[in-house]
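The values are calculated or read from the model by the stated rules, or taken from the named source; none is laboratory data. Since we're looking at a predicted model, the values are computed, not measured. Here the Cβ positions follow ideal geometry from the backbone for every residue, glycine too, while neighbour counts run over all protein chains shown. Just so you know, the surface numbers come from the protein's heavy atoms only, side chains and all, with ligands and any DNA or RNA stripped out. Shrake-Rupley method; radii C 1.70, N 1.55, O 1.52, S 1.80 Å.
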Amino acid sequence: MLAMGQVQINNPEVEILLPVHNEGGSIEVVIREIYAEIAPQVAVQFIICEDGSIDHTKEVLARLEQELPMKLLVAKERKGYSRAIQDGLEVMSAPYLLCLDSDGQCDPKDFWSFWKNRENYDVILGWRVQRADPTWRLIFSRLFYYLYQLIYRTPIHDPSCPYMLAKQTVIKRLIPELGEMQQGFWWEFMARVHRRGFTILELPVKHRKLLKINDL
């Protein structure tokens with residue numbers, strides 16, 4: 001279900017998509033940090049893809065929807081990360097889309113290096129040079145990366161990075177093709193970007209520790 005908040009931007013320059021699931025303790029801090037960093041200089045609107053949360057996430061988002069420019073998609077049941085993102089892609093209308101994860105690991109300050117290069121590339125992807133993830137996740141990701149490159153030969157270092165800025169034309173072109181990798185949305189997205197011949201720029205981004213409730 002898509003709900004439009006009371007605060008709307010007529011012509012946002014960029015929409016910021018966040019998939020959200022059970023982030024009630026931290027999502028307000030994450031959204032407000034992003035908004036405070038970007039909104040003073042660029043007209044922004046959020047696309048919040050709530051994915052069947054069972055904590056108080058929905059209540060927090062319903063309140064924020066009344067204060068910030070936002071398209072809020074709320075799900076009765078969990079659809080999964082990939083489906084939640086795809087639903088958000090389908091309602092974008094701004095010239096550019098910025099995708100971030102909602103766990104606080106993405107630093108909004110990195111946006112500016114993306115934004116200044118937006119006209120020269122179709123897709124700009126983050127590269128987490130120093131990932132703040134558990135060892136087991138890093139090992140699994142690296143093994144999958146080698147397999148991924150054997151199949152797709154995509155010239156990027158970090159295809160699963162959830163820090164991505166893309167032109168609307170790219171998103172609209174790829175939406176009908178997405179959905180084959182239910183557990184690896186960004187892996188599939190970047191493989192299709194490369195296959196379609198869109199231009200790609202990789203930029204280093206800061207990868208912060210997971211934001212926990214007791215960090216607030």
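General observations
- Residue list for segment 1-29, filter: more than 27 Å from Lys116 (Cβ to Cβ) and assigned to a strand (DSSP E or B): Leu2, Ala3, Met4, Val20
- The residues of segment 154-194 that are touching a helix residue (DSSP H, G or I) at 6+ places or on another chain (Cβ under 8 Å) and open to solvent by 80 Å² or more (accessible area, probe 1.4 Å), listed by number, are Pro155, Glu180, Gln182, Gln183.
- Segment 23-34 residues that are at negative phi and of a type in the set (A, V, I, L, M), paired with ones that are open to solvent by 20 Å² or more (accessible area, probe 1.4 Å) and outside any helix (DSSP H, G or I) (beta carbon under 8 Å, 6 or more apart): Val29/Leu211; Val29/Leu216; Val30/Glu23; Val30/Asp103; Val30/Leu211
- Counting the residues of segment 165-198 that are among the acidic types (Asp, Glu), at pLDDT 90 or above and either assigned to a loop (DSSP other than H, G, I, E, B) or touching a Leu at 6+ places or on another chain (Cβ under 8 Å) (or both) gives 1.
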